[in-house]
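Here the structure is laid out as structure tokens; the discussion comes afterwards.
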Amino acid sequence: MSNLKVYNSYSRQKEEFFPLTPQHVGMYVCGPTVSGESHLGHARGFITFDVIYRYLLYLGYKVRYVRNITDAGHFEEEGRAAEDKISKKAVIEKMEPMELVQKYTNLFHWAMHQFNNLDPSIEPTATGHIVEQIEMIKQIIAAEYAYVVNGSVYFDVKKYAAKYPYGKLSGRKLDELLETTRDLESQEEKRNRQDFALWKVAPPGHIMRWTSPWGEGFPGWHIECSAMSTKYLGTEFDIHGGGMDLMFPHHESEIAQSTICNHHVPARYWLHNNMITINGKKMGKSYNNVIRLTDMFTGNSPLLTQAYHPMTIRFFILQTHYRSTLDFGNEALQAAEKGLKRLWDAYLELGKMTSDPLKEINPQLETQFNSLCLEFDDFMNDDFNTARVLANMFNLVNHINSFRSGDLEKTTLSPETLSYVKKQFKNYLEDVMGLKDENGQDSGRLQGIMDLLIDIRKEARSKKDYLTSDLIRNQLLEIGILLKDEKDGRVSFTLE
RNA sequence: GGUUCCGUGGCCGAGCGGCUAGGCAGAGCUCUGCAAAAGCUUCUACAGCAGUUCGAAUCUGCUCGGAACCUCCA
């Protein structure tokens, strides 16, 4: 079996993955800002890193997965109407800031569970780590890479860049930044326009504020992630994840802060997921094209022609490589919905398959099943290529169905192959990709009722009383239960 | 303007030097009381131009088109 290779944004190439401590992985992923509802784009990142987390677990690593909650409110940095996003909205909604934060945190957790994302090992909040952030800022000041102006603290990027490779992650050069950084308000406080805030003085009336050595204020945009990742994963850890749009300036700044405090680039592997686009444009507030997760699940959006199940969305996302953009469209989502259903039905069928000693084993199929399933490992090891794993699974769907009612009826798989295939499907479909039955577990009661109805209908059919049999089937369809007369005489049903 | 990336069949997307990707949709057939499901067969591709190569969707150059970042952003 091949070894895991990941694309490292920092080196811009695929690298073999070696954790700092054998058998252990430390992973930090930038979490949500809980000043509003998450949208489809956010979901992609969290699902991506959930699969990465799951795969690392599958490989046998003990993983500490840290994903923060940004509840302190980032500020329209660089002086742009210096208002705290969270406290501003709190006034509008007439809520306490922490009440608002709680509401959206709960909603976020709910959505993550809908997607079957595993909970991170630690989910630290920014407000809970003000002390650590202040400590870190002190260190940076002591090292003389930050300066205090009127109660605010700024990181001296120019000085940093003279000694360290600032811009390496995002592929930027300081000179270019100097020329292209926009002219924004209250630049005059800073020595150089590309300096970023570590601490901002709180204007009067600003609700979220904390005392600090520099006066009352609030932390800057990037320091929370540096402080919390250091606290829970150490000065150097394995994986840092987030969306590509966070590379600059967020991750670049994290690197600068940690380099000064801890003398390391904080993470060895930087992984970035690409964006979800809609009509080719990134989904985001500024484009006014977001589809909130709650809307996805209910279909309540002019951009949606129907509601989509969380598993459909998850599957839709996993059909693409995480570093490619994914274009949203109803047609594409509907395709995912149908595809997943077919895949899942075949998976259930696979679970029922047994190796029949009376039937002939087809050596060609044996090879095919084995090699296609073996490739799951290689594909995932190749920078988490879930799209190819799914493609291989679909290649087997036809065969699995053929064993039931097609021209493979008279053949069988060897017990070894069958159990291997079942194991691989279970491992990858459920454990690694985190897909689960949309319908949940059918209750025994439903099964009982269905058995009864199916029996009545069978009786009617045997008497050629198609009026009754069709009535049952049609009425069931009305309430979303689809009956299927299988070739072998069985009758199965699926919930729409 | 700077930096980076992308352009694959009706739609979404893998692939990144030689091999059918895959899903959905379309067409035909099989099965079936009729459906549905399923199976089989089948139709549409690699933006354009020029080069490198025995061989290119995959490498190089140019042209056209699109995007991301440089502002808060998954």
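The values are calculated or read from the model by the stated rules, or taken from the named source; none is laboratory data. In this text, all values refer to a predicted model and were calculated from it rather than measured experimentally. Cβ placement follows ideal geometry from the backbone for every residue including glycine, while neighbour counts extend to all protein chains displayed. Surface areas here come from the heavy atoms of the whole protein model, side chains and all, with no ligands, DNA or RNA. Shrake-Rupley method; radii C 1.70, N 1.55, O 1.52, S 1.80 Å.
Taking the criterion of being in a helix (DSSP H, G or I), within 22 Å of residue A:345 (Cβ to Cβ) and near RNA strand B (Cβ under 8 Å from one of its atoms), the only residue of the range A:463-496 that qualifies is A:473. When residue A:348 is tested against (1) among the hydrophobic types (A, V, I, L, M, F, W, C); (2) open to solvent by less than 50 Å² (accessible area, probe 1.4 Å); (3) within 16 Å of RNA strand B (Cβ to nearest atom), just one condition goes unmet, and that condition is (2). Just a yes or no: is a residue in the range A:390-413 among the small types (Gly, Ala, Ser), touching a residue at least 60 places away in the same chain (Cβ under 8 Å) and within 15 Å of RNA strand B (Cβ to nearest atom)? Looking for residues that are among the small types (Gly, Ala, Ser), touching a residue at least 60 places away in the same chain (Cβ under 8 Å) and within 15 Å of RNA strand B (Cβ to nearest atom), one finds at least one in the range A:390-413, hence yes.
Residue-level check: of (1) crowded, with 16+ Cβ neighbours inside 10 Å; (2) part of a helix (DSSP H, G or I), residue A:423 misses just (1). Scanning the range A:7-53 for residues that are surrounded by 22 or more Cβ atoms within 10 Å (Cβ to Cβ) and of a type in the set (Lys, Arg) yields a single hit, A:44.
State whether one or more residues within the range A:460-467 are surrounded by 14 or more Cβ atoms within 10 Å (Cβ to Cβ) and in contact with a strand residue (DSSP E or B) (Cβ under 9 Å, 6 or more places away or on another chain). Scanning the range A:460-467 turns up at least one residue that is surrounded by 14 or more Cβ atoms within 10 Å (Cβ to Cβ) and in contact with a strand residue (DSSP E or B) (Cβ under 9 Å, 6 or more places away or on another chain).
Checked against (1) in contact with a strand residue (DSSP E or B) (Cβ under 8 Å, 6 or more places away or on another chain); (2) assigned by TED's automatic domain parsing to the domain that holds residue A:388, residue A:318 passes all but condition (1).
The residue that is least open to solvent (accessible area, probe 1.4 Å), among those in the range A:351-377 that are part of a helix (DSSP H, G or I) and touching a residue at least 60 places away in the same chain (Cβ under 8 Å), is A:377.
Among the candidates A:268, A:323, A:342, A:314, which residue alone is open to solvent by 60 Å² or more (accessible area, probe 1.4 Å) and under 17 Å from the mean Cα position of the chain (by Cα)? Even if it seems obvious, please write down each step before you answer.
On the way: A:268 fails: under 17 Å from the mean Cα position of the chain (by Cα); A:342 fails: under 17 Å from the mean Cα position of the chain (by Cα); A:314 fails: open to solvent by 60 Å² or more (accessible area, probe 1.4 Å).
Answer to the check: A:323.
Scanning the range A:455-469 for residues that are out of contact with any Ser or Thr (no Cβ under 9 Å at 6 or more places or on another chain) and of a type in the set (Val, Ile, Thr) yields a count of 1.
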